[in-house]
1. Which value, in debye to the nearest 20, gives the size of the charge dipole of segment 98-164 about its Cα centre, when Lys and Arg are +1 and Asp and Glu are -1 at the Cβ?
2. Run the quick spin-label model on residue 54 and residue 109: label points 7 Å from Cα toward the beta carbon, then report their separation in nm to one decimal.
3. Once label points are set 7 Å from the Cα along Cα→Cβ at both residue 193 and residue 65, what is their separation, rounded to one decimal in nm?
4. So for the pair residue 24, residue 93, with labels modelled 7 Å out along Cα→Cβ, what separation do we get in nm?
5. Based on the Cβ-Cβ distance of residue 138 and residue 211, what FRET efficiency does E = 1/(1 + (r/R0)^6) give at R0 = 30 Å, to the nearest 0.05?
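Laboratory data are not the source of any read-out in this text; all were calculated from the coordinates shown. Just so it is clear, the model here is predicted, and its values are computed rather than measured. FYI the Cβ positions are ideal-geometry reconstructions off the backbone, even for glycines, and counts take in every protein chain you see.
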Amino acid sequence: MNRLLFGIVIIIFSVLCTSCITNKDVVYLQDKGTVVSDSLQLVELSKPYRVQINDILSVNFKAVDSEVNKLLGIFQPVSKVGGASGLYFSGFSVDLHGNIEFPILGKINVLGYTTDEIRLKIKDALFEKYLKKEAQVFLTVKLSGLRYTVTGEGANGIFTLQQDRVNIIDALANAGGMANTADRTDIKIIRQYPQGQKIHSIDLTDIAALKSPYYFIQANDIIMVKPLKRKAIGAGETATQTLRTVASIFSVIVSTYFLVKNL
């Protein structure tokens, strides 16, 4: 019996030491010795965003001349629905061939172009067919919100932020954050490219994540949050929860031992 108790004590001690969730598991951007400088300067590694299939573009016109404004009104659809839903109806959706269907101008290919390049394409087409060279026209092209998906340990769903640039921590916070049992060291990002999808990984507990090309999310990113391995084996989040679990197991083992011994 003494050997059994000794063995159980060792098991309990081992489980308590390894199964509890610590600060290292949940604290973002820790200094793990991966950064040489004491003060890390965020390096903008992300390149200008290039439009993908299923993106929705918002195109707006303004002109100094009122007559030109009336003409431009033909090219600018109006939705009675506000917010992100309104942008869905009034924006220009990129189809499976990478085109947007523009009023009167017809189809314009935008796949792989930046919003600034698309602005110039539309502007050139307008001046070529409908506007005089002296017309003063101000044209803006933007993504109608940054849409992304979060799934796994924490909030799950599809979210949209009305911003051009969003880092992954802000994106997760907007989605409701991650559970304590989330594995922050290996966040998976499924990203869309013209040639297909690729899966990337980022460790949000390491300050070096600030220099990762995946620190800033892109439209249509899928962020997958895995559970910690200790959750998979059923351990508690805290020492108290783990102790309760072990105590229950211990009680079953002892009861079984005495039952078998008395047979």
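1. Details: 9 positive and 8 negative charges, 60 e Å.
Taking the Cα centre of segment 98-164 as origin, the dipole is about 280 debye.
2. Calculated label separation equals 2.2 nm.
3. 4.7 nm
4. About 4.9 nm separates the two model spin labels.
5. Numbers: r = 36 Å, r/R0 = 1.21.
FRET efficiency, residue 138 to residue 211: 0.25.
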